[in-house]
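The next block holds one structure in the form of structure tokens; read it before the comments.
Any read-out appearing in this document is the output of simple, stated calculations on the displayed coordinates, not a laboratory observation. All values derive from a computational prediction rather than experimental measurement. Ideal geometry is used to build each Cβ from the backbone, glycine not excepted, and the neighbour counts take in all protein chains shown.
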Amino acid sequence: MTERLGTRLKDVRVEAGLTQSELADRCGVSRKTVNTVENGVFIPSTVLALTLARVLGRPVEELFFLTD
């Protein structure tokens with residue numbers, strides 16, 4: 001299986017006018033967590049992915065997707 005998790009988190013966050021720190025505060029995580037998710041270093045838990053989606057007002061599928 002070569003699928004990886006892709007993310008549009010940074011684009012959506014910037015479009016929402018939020019810094020990494022602001023998004024992190026609203027989600028109850030550290031700025032470093034947001035940074036590592038945006039850069040594909042860390043795969044978020046289901047709870048974190050859903051929390052990010054809720055805070056950003058977007059469906060989770062708009063933030064994260066599988067790549068081939």
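Residues to consider are 4, 31, 13; find the one that is surrounded by 15 or more Cβ atoms within 10 Å (Cβ to Cβ) and among the basic types (Lys, Arg).
Of 4, 31, 13, the one residue that is surrounded by 15 or more Cβ atoms within 10 Å (Cβ to Cβ) and among the basic types (Lys, Arg) is 13.
Out of all the residues in the stretch 20-68, which are free of Cβ contacts under 8 Å to residues at least 24 places away in the same chain, in a loop (DSSP other than H, G, I, E, B), closer than 15 Å to residue 5 by Cα and small (Gly, Ala, Ser)?
45
What are the residues in the stretch 13-27 that are closer than 18 Å to residue 47 by Cα and β-branched (Val, Ile, Thr), if any?
none
In the stretch 1-19, how many residues are free of Cβ contacts under 8 Å to residues at least 40 places away in the same chain and under 9 Å from the mean Cα position of the chain (by Cα)?
Qualifying residue count, the stretch 1-19: 1.
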